[in-house]
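The values are calculated or read from the model by the stated rules, or taken from the named source; none is laboratory data. What you see is a predicted model; the values in this text were computed from it and never measured. Because the Cβ atoms are built from the backbone with ideal geometry, glycine has one as well, and the counts that use them run over all protein chains shown.
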Amino acid sequence: MSAGASQTGTNVLAGFAAARPGAVFAALLLGLVALACLFAPLIAPQDPFDLSSFDLLDAELPPVWQEGSDARFLLGTDAQGRDLFSAILYGTRISLLVGMLAVLIQAAIGVPSGLLAGYFGGRVDSLVTRAADIQLSLSTLMMAIIVMALFRAGLGGEALNRFAVPLLVLVIGLAEWPVFARTARASTLVEAAKDYVRAGRAVGSSDLAIVRRHILPNILSPLVVVATTQVAGAIMAEAALSFLGLGMPVTKPSLGTLIRSGYDLMFAGAWWVTVLPGLVLIGVLISVNVLGDALRDWLDPRRRVR
Amino acid sequence: MKAFAEGAVFIARRLAQALLVMLAILVIAFAVRTSLGDPLREIMGQAVPESERAQLRHELGLDAPWPVQLARYLGRAATGDLGTSIIYKRPTVAVVLAKFPASFELVLGASLIVLLLSVPGGVYSAVRPRGLGAKLILSVSVLGISVPVFLTGIFLITVFSVWLGWLPAFGRGETLDLGVWQTGLLTLDGLKHLILPAVTLSSIMLPLFIRLVRGAMLDELGHDYVRTAHAKGASPPRVWIVHALRNALLPLVAVGGLQVGTLIAYTLLTETVFQWPGMGFLFLEAVTRSDIPLITTYLVLVGLLFVITNTIVDLLSLMLDPRISLEGTR
């Protein structure tokens, strides 16, 4: 098929879909997961955050396809008798929420600083670039682990549990803004040299108006690609922190917390508490990464020529 | 001679920079200690009357203004004393350093796997970019990037320990005491215990390095000297390995050095999964039990490790690459 200049409107989507069946599958899977998470309160048979609603007599029941299961619990239960299907729905919800909010913070800091650095150059540029270099040389995950560990050791587990979501969003969000800043800066450098920017200046538009109304829309596509891969990274970071016991508490589990709490049970034979949330996490991460790769190939003009 | 002098200035500058970073880390560690920890608890526990506490506080100089305390802290740090652990009742530096061999051997094992697989894999997928093998390598590496390291560990344990029963899942196994260094590399049991954790840790770094080697090789293969070498009749493997690969490895040293922090974080995760008695495992124990002196000591020592590796990497790339200019030495 000819991928090229004639693609317009719905044809663009059709072309994208035909060229990349894997990406379409990934997008469908993500859409399904996102819908399930959005309507979790309607779908889930149980409220996994309400400790009084589970019964210890139901603890460690296997999924329905295994012997000794209970038809009320589709994917079995954990050590406290919590319905695993409900816990995974709510857990994925928390994981996706933290991942997307963290990336919003990254973009909110990174995109403006990258735009300004690329547009104004000079001192602004060297300041932003230097700050970004320093931030990147400290590994994100290590910084997040240290900050969450200090919060936990300082405030105690109780206080951490109450502020877990905003803390995780802030820590993961603040650590990775340079990725957006670098991409925005590089693209802005290219755009700022173009004629339309000079034309904008000639008719008397202010710098701010040029950057916001003219340059920003033109550099959106690389930023979208970066945002996709960053969401995968943020979800993975949240899961890692929760697995270490430095993220979401057991009373309000994300996928990482579920994997951790099931890990102790695995050798007693209750593999599902760890493996099922793990599979959901891997499915989400692979889908986001595949979608990101496909978007990059599709939006990158240099690659499309081939 | 002039170049030598410039090199010496560069090295001196780099070392001064490293010292400055260490000083900053120590100041942060001091701030964390004084704001989060109660040094009295380290010594006497909770159940002691207030009058006795006040007296001890005075004797220990804890009622002194903070600049004085900071100076004392730095002075002690210079002699290698960073406090006493609440859990272990021993000097924290000794406690953390005792766990260093375990972490080091884990990282060593993983690095060997990464090195042995990433170079051939990267070179192969660069010289045959459209081959089936290259596509396979790249798709497996997407999978490797997407699967969190702790899940890789859990799946390996499920298959090789729980189902097949071939390899042990926890701890270091039998170790040999070599005075200051407890090694698991010299016993069969120790080596068996190392396999799964090392493979797990390498699984997360491997995709990155394969992509790096591949990218660097692709860059080098586009250069004129490669065409010249082909033209003069050198065999293709010779061109790839002797000519291109040697130059392609230069950027690897620099980028590899930048990954130290990430490596420490992934080591921490791997140690948690396999209950590997290393520094990261100790750190998490200190966090759950709020052992502030132990936590800050870990941070200072990891910071030191980070600074040392970065300095070495900088000096290495200076030695390896004659083209790196010594700008900024003036």
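With respect to A:V224, determine if the residue is touching a Leu at 6+ places or on another chain (Cβ under 7 Å), part of a helix (DSSP H, G or I), closer than 29 Å to A:A186 by Cα and not charged (D, E, K, R).
yes
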Could you list, in sequence order, the residues of segment A:243-258 that are over 17 Å from the mean Cα position of the chain (by Cα) and of a type in the set (A, V, I, L, M, F, W, C)?
A:L244, A:L246, A:V250, A:L258
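Matching residues to (1) more than 30 Å from the chain's Cα centre (by Cα); (2) modelled with pLDDT of 85 or more; (3) surrounded by fewer than 18 Cβ atoms within 10 Å (Cβ to Cβ):
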{"position": "A:F180", "(1), (2), (3)": "no, yes, no"}
{"position": "A:T188", "(1), (2), (3)": "no, yes, no"}
{"position": "A:K194", "(1), (2), (3)": "yes, no, yes"}
{"position": "A:V197", "(1), (2), (3)": "yes, no, no"}
{"position": "A:G200", "(1), (2), (3)": "yes, no, no"}
{"position": "A:G204", "(1), (2), (3)": "yes, no, yes"}
{"position": "A:A209", "(1), (2), (3)": "yes, no, yes"}
{"position": "A:H214", "(1), (2), (3)": "no, no, yes"}
Over segment A:249-270, the set of residues in a loop (DSSP other than H, G, I, E, B) and surrounded by fewer than 20 Cβ atoms within 10 Å (Cβ to Cβ) is A:P249, A:V250, A:T251, A:K252, A:D264, A:L265, A:G269
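State yes or no: is B:R246 among the basic types (K, R), within 14 Å of another protein chain (Cβ to nearest Cβ) and farther than 20 Å from B:A110 by Cα? Don't jump to the end; show me each part of the working.
Numbers: among the basic types (K, R): yes; within 14 Å of another protein chain (Cβ to nearest Cβ): no; farther than 20 Å from B:A110 by Cα: yes.
The answer is no for B:R246.
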List pairs: first in segment A:154-174 and within 14 Å of another protein chain (Cβ to nearest Cβ), second basic (K, R), Cβ under 7 Å, 6+ apart or cross-chain?
A:L160/A:R152
Tell me, which residue of segment A:151-162 that is more than 24 Å from the chain's Cα centre (by Cα) and of a type outside the set (G, A, S) is farthest from B:G261 (Cα to Cα)?
A:E158
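Can you find a residue that is away from chain B (no Cβ under 11 Å) and part of a loop (DSSP other than H, G, I, E, B) anywhere in segment A:227-248? I'd like the intermediate steps shown before the answer.
Quick first cut of segment A:227-248, residues away from chain B (no Cβ under 11 Å) only: A:227-228, A:230-231, A:234, A:247-248.
Filter once more, keeping what is part of a loop (DSSP other than H, G, I, E, B): A:247-248.
Yes.
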Residue within segment B:64-84 that is within 30 Å of B:R33 (Cα to Cα), among the acidic types (D, E) and without any contact (Cβ under 8 Å) to a residue 12 or more places away in the chain present
no
Taking segment B:144-183 as the region of interest, how many residues are in a strand (DSSP E or B) and among the aromatic types (F, W, Y)?
1
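Which is more than 11 Å from chain B (Cβ to nearest Cβ), within 16 Å of the chain's Cα centre (by Cα), hydrophobic (A, V, I, L, M, F, W, C) and within 30 Å of A:L220 (Cα to Cα), of A:L291, A:L299, A:L285, A:L281? Please lay out each step first, then the result.
Working: A:L299 fails: within 16 Å of the chain's Cα centre (by Cα); A:L285 fails: more than 11 Å from chain B (Cβ to nearest Cβ); A:L281 fails: more than 11 Å from chain B (Cβ to nearest Cβ).
Only one candidate qualifies: A:L291.
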Residue satisfying condition, being surrounded by fewer than 16 Cβ atoms within 10 Å (Cβ to Cβ) and either touching a Ser or Thr at 6+ places or on another chain (Cβ under 7 Å) or at the interface with chain B (Cβ under 8 Å from one of its Cβ atoms) (or both), within set A:S126, A:S137:
A:S137
Residue satisfying condition, being over 19 Å from A:L160 (Cβ atoms), at the interface with chain A (Cβ under 8 Å from one of its Cβ atoms) and of a type in the set (S, T, Y), within set B:T272, B:T297, B:T262
B:T262
For the structure I just gave you, tell me whether B:G190 is assigned to a helix (DSSP H, G or I), within 12 Å of chain A (Cβ to nearest Cβ) and not basic (K, R).
no
Only one residue in B:T297, B:T228, B:T262, B:T270 is touching a Phe, Trp or Tyr at 6+ places or on another chain (Cβ under 9 Å) and either at pLDDT below 90 or crowded, with 17+ Cβ neighbours inside 10 Å (or both). Which one?
B:T270
Only one residue in A:A186, A:A149 is part of a helix (DSSP H, G or I) and within 13 Å of chain B (Cβ to nearest Cβ), so which one is that?
A:A149
